[in-house]
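See below for the structure under consideration.
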Amino acid sequence: METIEEVLERLEIEDDRQRSENLPYEQRDNSIPRDVGEFISVLVRLIKPKTIVEIGSSTGYSTIWLGLAASSYGGKVISYEKDTNKAEKAKNNIEAAGLADIVEIRNEDIFDADVPGMDFVFLDADRDDYKRHFENIFPKLKPGGGVLANNTLGYFEQLRKYIEHVRDHPECNSVLIAIGHGLELTYKFGENENSAFQLFTLVR
């Protein structure tokens, strides 16, 4: 049986191979960089969300980082991947990493799924759908929860409307984190926080 580190290294090597061979985007695993995975793991350990939803498992690299963090405090991860081949690979990698009790891979389009209430979301799906994804999951995101969206620096122009939307949203505070290809971290106000955060936004 592989260790978690061995599974991560295997997926990193495969991702590097695909990029070096210039495979088309649609044929690549498109794993997040390791520093993004490490950041996600630290962030999740700090905030300890009970239910984590990932939109876009691919073959499970980022999912392993989420599951590893969630396993430290008793959280759970539900990851949606609409591509059947990738979802199957993700399930196999999660099992190889020993995280099957923590992580559930759902081979579904999240727009058609019965999504549970959630405390934290990692969004790394088709970039043209980011704003639609946000609007879809926001009603089920619990107050005090957050959405971490990937690639917001590397594909800024493509994601400009998403970034503007979350930053202008009256129930959120949102900031850019310059790690990897950029992460936009959006916080949903908890009870009685709106006025304080709105004041902060006005004076900064």
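Taken together, the values in this text are just the output of simple stated rules run on the coordinates, not laboratory data. Remember, it's a predicted structure, so these values are computed and weren't measured experimentally. Positions of Cβ are backbone-derived with ideal geometry, glycine not excepted, and every protein chain shown enters the neighbour counts.
Summary table below
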read-out: Exposure proxy ranking, count of Cβ atoms within 10 Å, fewest first, for 109, 114; value: 114, 109
read-out: Residue among 15, 168, 112 with the largest mean-square fluctuation in a Gaussian network model of the chain, springs linking Cα atoms under 10 Å; value: 112
read-out: FRET efficiency, 1/(1 + (r/R0)^6) with R0 22 Å, evaluated for residue 27 and residue 92 via beta carbons; value: 0.75
read-out: Derived scalar couplings ³J(HN,Hα) [segment 109-124; Karplus, 6.51 cos²θ - 1.76 cosθ + 1.60; whole Hz; x for Gly, Pro]; value: 7, 4, 5, 9, 9, 8, 7, x, x, 9, 10, 7, 10, 10, 9, 8
read-out: Nonlocal amide H pairs with residue 155, under 5 Å, H built at 1.01 Å; value: none
read-out: Helical mean residue ellipticity (222 nm; -39500 (n - 2.57) per DSSP H run of 4+; nearest 500) of the chain; value: -13000 deg cm²/dmol
read-out: Simple spin-label estimate for residue 20 and residue 1 in nanometres, 7 Å along Cα-Cβ; value: 3.1
read-out: Electrostatic dipole magnitude of the chain [Cβ: Lys, Arg +1; Asp, Glu -1; Cα centre; debye, to 20]; value: 660
read-out: Rounded to 5, the percent of DSSP beta bridges in the chain classed as antiparallel; value: 40
read-out: Sorted by Cβ density within 10 Å, fewest first, the residues 130, 25; value: 25, 130
read-out: Two-site label geometry, residue 142 and residue 12: point separation in nm, points 7 Å out along Cα→Cβ; value: 3.3
read-out: Which of 123, 99, 46 has the fewest Cβ neighbours within 10 Å, and the rest in rising order; value: 46, 99, 123
read-out: Candidates 110, 13, 137: whichever shows maximal mean-square fluctuation once the chain is modelled as a Gaussian network with Cα springs under 10 Å; value: 13
read-out: Rounded to whole Hz, the Karplus (6.51, -1.76, 1.60) HN-Hα couplings of segment 8-21, x for glycine and proline; value: 4, 5, 4, 5, 5, 4, 5, 5, 4, 4, 4, 5, 5, 8
read-out: Within a Gaussian network of the chain (alpha carbon springs, distance under 10 Å), most fluctuating of 116, 24, 33; value: 24
read-out: Cut-off under 5 Å, modelled amide H: who pairs with residue 54 long-range; value: 78, 79, 80, 122
read-out: Segment residue 135-residue 47, length gained on full extension (0.36 nm per residue, minus Cα span); value: 29.4 nm
